[in-house]
Amino acid sequence: MVIRKNHYESAFEDYLRSEKVPYVAVDEKRRALAKEASIKSLDFIVYSAHGPNLLIDVKGRTEIFDVPNRSRRWESWATREDIAGLQQWQELFGEGFVSSLVFAYQLPPDSISNNLEKVYEFKDNLYAFYLVSVDQYRDKMKPRSDSWQTVYLQQQDFQQLRQPVEVLIEGEAPAELTEEFTEECRFPDADSDQD
């Protein structure tokens, strides 16, 4: 288990461990080099028995209430570097791997989502985890901030594209993530100078 300061990533890793999902935690202190360019690190490589393996970047976000106890909207922003990095990783790993964003929401104790969504408890806090493939995200993303180079999904697009992470574990992954693949899963060539 990689020591992490980010509680969203720690909660997601604990979730994977509790569900006995095979994964590799990536050391975020190192950036990988490919074709003489630096690629933003992944958080996890998750191995699936039911579909493609996942290259995951966890994004800790908040649930924002527009009207108390009524409507809510989910923050789904990412940076352009996040999207570009995930696309590069997907190309490097090749067939059998899908890059995805996992949006991890820490829910307040009085959140109405605690009754509506499947939640996971970690260190006395509640979390909900949703997955969106990078290809789907890229197709629907909108500019959020030019100065911060951020993008986001409109609420209706996010609601349509997001999948609770547990569907992958229960063997009900969405069709776009479960296309049959024929090649053996493989890792990109490692640089001999890095450990």
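All of the numbers you see were taken from the coordinates with simple rules; none came from a lab. These figures come from a predicted structure and were not determined experimentally. Counting neighbours? That spans all protein chains shown, and the Cβs are built from the backbone with ideal geometry, glycine included.
In a fully extended conformation the segment linking His7 and Lys142 would gain 45.9 nm over its present Cα-Cα distance, using 0.36 nm per residue. Here the calculated FRET efficiency for Glu121 and Ser41, from their Cβ-Cβ distance with R0 = 35 Å, stands at 0.80, rounded to the nearest 0.05. Cross-link partners of Lys40 among lysines, defined as those whose alpha carbon lies under 25 angstrom from its own and excluding same-chain residues fewer than eight positions apart: Lys5, Lys29, Lys59, Lys140, Lys142. Note on Arg73 and Glu166: their simple-model spin labels are 2.8 nm apart, each label 7 Å out from Cα toward Cβ.
Backbone amide hydrogens, once placed in the peptide plane, bring Arg144 within less than 5 Å of Thr150, Val151, Tyr152, excluding anything fewer than 5 places away on its chain.
Whole Å is fine, so just give me how far the alpha carbon centre of the range 128-156 lies from that of the range 77-100. What the calculation gives is 13 Å, centre to centre. For Ser48, the residues whose amide H sits under 5 Å from its own are Asn53, Leu54, ignoring neighbours fewer than 5 places away on the same chain, with H placed 1.01 Å from N.
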